[in-house]
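Read the structure below first, then the notes.
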Amino acid sequence: MTISITIPTPEVTITKQENPQLSHIYGFTDFHLITREKGGFFLFYNDKDELLFVGKARKLRQRIKKHFEDTVSPIKNHRDEVTKIEVYIVEDPVEREIYETYIANKLNAKYNPDKVSGS
């Protein structure tokens, strides 16, 4: 049996600024465009458009920012590599889990070792 999952279009995409004039976190100035109240999943890409990390959250903006601030994030040693963040709104927690696992495996996310099956 084959299960087909279609990755939706991102709700918001923010990109790293070269020389940000505004207050920024690792070159990103547009966190305000990401919803504060909604849940979903997010993808971090590098400048070669390779998927670095996929994550999910009940409240997207706070969770995404945490990846750039806390010491336990799987990307803590790779924050400088992130040049693009795509954000997808998905309120259902089960759907978020499915998308996160599917995308991490299908697109071979570099820094999701716990999600990638290796097959």
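The values are calculated or read from the model by the stated rules, or taken from the named source; none is laboratory data. From a predicted model like this one, the values you see are computed outputs, not experimental measurements. Cβ placement follows ideal geometry from the backbone for every residue including glycine, while neighbour counts extend to all protein chains displayed. Surface accessibility is based on the protein's heavy atoms, side chains included, excluding ligands, DNA and RNA. Shrake-Rupley method; radii C 1.70, N 1.55, O 1.52, S 1.80 Å.
Couple of notes before you dig in:
- Residues in segment 11-40 that are under 10 Å from residue 64 (Cβ atoms) and of a type in the set (Phe, Trp, Tyr): 28, 31.
- Test: residue in segment 45-67 that is at pLDDT below 95 and aliphatic (A, V, I, L, M): no
- Applying the criterion of at least 2 residues that are open to solvent by 40 Å² or more (accessible area, probe 1.4 Å) to the strands (runs of 3 or more DSSP E) found wholly in segment 8-88 leaves 12-15.
- Residue match in segment 98-117 (condition: under 14 Å from residue 11 (Cβ atoms), open to solvent by less than 70 Å² (accessible area, probe 1.4 Å) and either of a type outside the set (Ser, Thr, Tyr) or over 10 Å from the mean Cα position of the chain (by Cα) (or both)): yes
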